[in-house]
Amino acid sequence: MKIVMLEPLGVDKDTMNQKKKLFTDAGHEFTDCDRKLSHQEKLDAAKDADIFMIANSPLTADLINAAPNLKMISVGFTGVDHVDMALCAEKNITVCNAQGYATDSTAELTIALMLACLRNIVPYDQIVRNNGTLAGYTHNTLKGKTIGIIGTGAIGCKVASLAKAFGCRVLGYSRSQNPEALKIGIEYQDIDSIFSESDIVTLHAPLTEETRNIANKKRIDSMKKSAILINCARGPLVDSQALADALNEGRIAKAGIDVFETEPPIDKNHPLLTAKNAILTPHVGFYSAESLAQRIDIVCDNITAWLSGNPINVVK
C-alpha cells in the first residue's frame, strides 16, 4: 500500500521517522510531509495513494478524485466536516478520525479562556507594561458561575468536570442526553434557556447544517449583559458579526474565541478583530505537545487496524 501524508501532523522529525519505519518495515510505501503543500502539490502527491493521512485542511472532491486507488483516509482531527464525506461514501472509502486526542487540551483552553475573561488577564498585562495600577478595574471568580455547555460529548463533559471542580453549576444541551454527562451532574435544558440563563456559554458541538450559526443573533441577544461566550469548537457555530456587534454595544460582556470561519490567518476585516473585550487565539485548542503526540499514535493506529481488516474510529 502507498500511504501519503498531505500535510504535517505537528510532530518532530524523529517521531515521524519512527512512525514511517513501522509501515516501510511492513512493506508499505510511505510519503511523509514536513511543510504546507500547495493544492497542486497535493494533487501530484495524491495520484498513486491508497491511503491518505491528513489533519484539518480541506480534503475536497478533486483531491479524492485525483487518487483512483484511494481506499482509506486517516484524519488527524476529531471533526471531519473538512472532508467530502458524501464522495467518500460513494467511493466506499473508509474514513477514520482521531477522536479523543485533544479532549484534555481543548477543555483546558476552554477553562483558560473563561478565566482570562473573568480575571481580565489580557488588560492587566497591558496595565503593568504601561506602568499602570489596578485602579478602576475589578474582576470575577469562576466559582459559583452557571456554565452552559452546547454539545455534551467527550470535550463538553471534560469541560463540565473541570467547571464542577471550580464550583460551577453546569447546564447542557445536546441532541440526546449523554449518560456520562448526567453522572457528572450536567443539567439538561433547552438551548434557548441555556443562552439566556448562563453566565458563560461554551460551544462544543460538531459543525453540521443543524449547528451552523447555533449561536445566532437572537440567542446572543438573549444572553445576560454580564455573560461570556466561548468557542473552541468550530468557527461557523457562531454568527461572528452578531457577536462582534453585541460586544461593541455592551450587550454581552466578553468572548473567548479560538476558531473562525477559516483557519488563521483570518481576513483582516473579520468583525471580531476589532470587537471589544474579545480574546482571540489562532485555533490552538488541540495544539498541545501532548495532544499532538497522542494524535500521531491514533492516526497510525487507525491505518494499522484498517490494514489488518479490523478498522477502528470509523466515521459513518
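Tabulated results
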| read-out | value |
| --- | --- |
| Simple Cβ-charge dipole of the chain, Lys/Arg +1 and Asp/Glu -1, about Cα centre, in debye nearest 20 | 920 |
| Solvent-accessible area, 1.4 Å probe, carbon plus sulfur percent, for the stretch 1-143 | 50 |
| At R0 = 45 Å, FRET efficiency that the Cβ-Cβ distance of residue 262 and residue 305 yields, to 0.05 | 0.90 |
| Of all DSSP beta bridges in the chain, antiparallel share, percent nearest 5 | 5 |
| Stokes-Einstein D (µm²/s) once Rh is taken as the Kirkwood radius of the stretch 34-85 over alpha-carbon pairs, at 37 °C in 0.692 mPa s | 293 |
| Among (1) -0.19, -0.26, -0.35; (2) -0.27, -0.36, -0.46; (3) -0.23, -0.32, -0.41, the entry that matches log10 I(q)/I(0) by the Debye sum over Cα atoms at q = 0.06, 0.07, 0.08 Å⁻¹ as calculated here | (3) |
| Accessible surface, the stretch 232-282, averaged per residue in Å² (probe 1.4 Å) | 45 |
| Per-residue HN-Hα couplings for the stretch 36-47 [Karplus 6.51, -1.76, 1.60; θ = phi - 60°; Hz; x = Gly/Pro] | 5, 9, 6, 4, 5, 5, 5, 4, 5, 5, 6, 3 |
| Greater than 31 Å apart at Cα, pairs in 2/316; 164/224; 36/71; 71/158; 183/316; 13/254 | 71/158; 13/254 |
| Dipole magnitude (debye, nearest 20) for the stretch 71-124, charges at Cβ of Lys, Arg, Asp, Glu | 60 |
| Cα-Cα pairs of the stretch 167-316 separated by more than 24 Å (percent) | 44 |
| Area projected by the alpha carbon convex hull of the stretch 118-235, averaged over all directions, nm² | 8.3 |
| Average accessible surface area per residue within the stretch 68-146, 1.4 Å rolling probe, Å² | 51 |
| Positive-end residue of 28, 9, 51, charge dipole of the stretch 7-52 with Cβ unit charges | 9 |
| From phi via Karplus (6.51, -1.76, 1.60), per-residue ³J(HN,Hα) for the stretch 240-247 in Hz, x at Gly/Pro | 4, 5, 5, 5, 4, 4, 5, 5 |
| 10 Å Cβ shell holding at most 10 others, DSSP loop, GluC sites (Glu not before Pro): longest site-free stretch of the chain | 1-208 |
| Nearest 10 degrees, 0 to 90: helix 13-24 Cα axis against the chain principal axis | 40 |
| Degrees, to the nearest 10: 154-165 long Cα axis against longest axis of the chain | 30 |
| Where labels lie 7 Å past Cα in the beta-carbon direction, separation of residue 188 and residue 297 in nm | 3.3 |
| For the stretch 132-259, with +1 on Lys and Arg beta carbons and -1 on Asp and Glu, the positive-most of 203, 191, 163 along the dipole | 163 |
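The values are calculated or read from the model by the stated rules, or taken from the named source; none is laboratory data. Computed from a prediction, not measured in an experiment: that's the story for all the values here. Backbone-built Cβ (ideal geometry, glycine too); neighbour counts: all protein chains shown. The protein model used for the area step is the full one, side chains on, heavy atoms only, and it has no ligands, DNA or RNA in it. Shrake-Rupley method; radii C 1.70, N 1.55, O 1.52, S 1.80 Å.
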